[in-house]
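I have placed the structure first, in the form of structure tokens, so that the comments after it can refer back to it.
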Amino acid sequence: MNFMTIALDEARAAAARGEVPVGAVIVRGGEVVAKAGNRTLADRDPTAHAELLAIRAAAAKLGSERLTDCDLYVTLEPCAMCAAASSFARIRRLYYGAADPKGGAVDNGVRFFSAPTCHHRPEVYGGIGEGEAGDLLRDFFQAKR
């Protein structure tokens with residue numbers, strides 16, 4: 001199963017709601033544990049990023065704040081808040097689509113996982129579904145202009 005495709009579906013659903021099109025999926029043992037798209041506008045919550053919503057749902061479903069055997073698929077490079085949450089949740093692997101030179105914090109910006117104060121560093125794989133994820137974001141913001 002292509003988990004990034006599910007994340008992209010979540011991103012498209014977010015865009016249809018007028019949210020920035022970012023989607024995330026948490027996977028354990030080849031099974032989807034949780035999925036979400038951005039809901040910052042709908043929830044009036046600046047922390048309602050797709051990654052945080054998926055991490056919260058996975059932790060609740062699995063009954064643990066530690067998601068040590070889980071992987072996170074997200075359509076956009078996580079921001080500092082989402083990178084930190086991934087670290088705190090002990091996400092095993094992070095797969096992301098489009099790089100985010102302005103707001104990303106994994107391979108751009110503060111590079112959270114490279115900081116000496118970062119206690120857990122997931123394996124990171126960028127550029128997964130990058131073309132489609134990037135197109136979704138470009139189209140969304142172009143329509144806003």
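Where a number appears in this text, it was derived from the coordinates with a stated rule and is not lab data. Because the structure is predicted, anything quoted here is derived from the model rather than measured. Glycine also receives a Cβ, built like all others from the backbone with ideal geometry; neighbour counts cover every protein chain displayed.
Things to note:
- Point-to-point label distance, residue 68-residue 43, nm (Cα→Cβ direction, 7 Å offset): 2.6
- Our coupling estimate for the range 120-129, obtained by passing each phi through the Karplus curve with A = 6.51, B = -1.76, C = 1.60 and θ = phi - 60°, is 9, 10, x, 5, 10, 10, x, x, 7, x Hz, Gly and Pro reported as x.
- Virtual paramagnetic centre 7 Å along Cα→Cβ of residue 111, amide N under 13 Å, in the range 64-97: none
- With helices as the sole contributors, the chain gives -11500 deg cm²/dmol at 222 nm; each DSSP H run of n ≥ 4 counts as -39500 (n - 2.57), and the sum is divided by every residue.
- Fully extended contour minus Cα-Cα distance, from residue 32 to residue 2, at 0.36 nm per residue: 9.7 nm
- Taking amide H as placed 1.01 Å from N in the peptide plane, the amide H of residue 34 sits under 5 Å from that of 26, each at least 5 places away or on another chain.
- Overall Cα dimensions of the range 1-48, principal axis frame, Å, largest first: 33, 18, 9
- Extending 7 Å from the Cα toward the beta-carbon at both residue 16 and residue 121 defines two label points whose distance is 4.0 nm.
- Residue-wise HN-Hα couplings along the range 16-23, as the Karplus relation 6.51 cos²θ - 1.76 cosθ + 1.60 with θ = phi - 60° gives them from phi, are 4, 8, x, 8, 4, x, 10, x Hz; Gly and Pro carry x.
- A Förster distance of 30 Å, applied to the separation of the beta-carbon atoms of residue 142 and residue 57, puts the FRET efficiency at 0.45.
- Qualifying trypsin sites (Lys or Arg not before Pro) in the range 84-137, DSSP loop, other Cβ atoms within 10 Å at most 15: 102, 111
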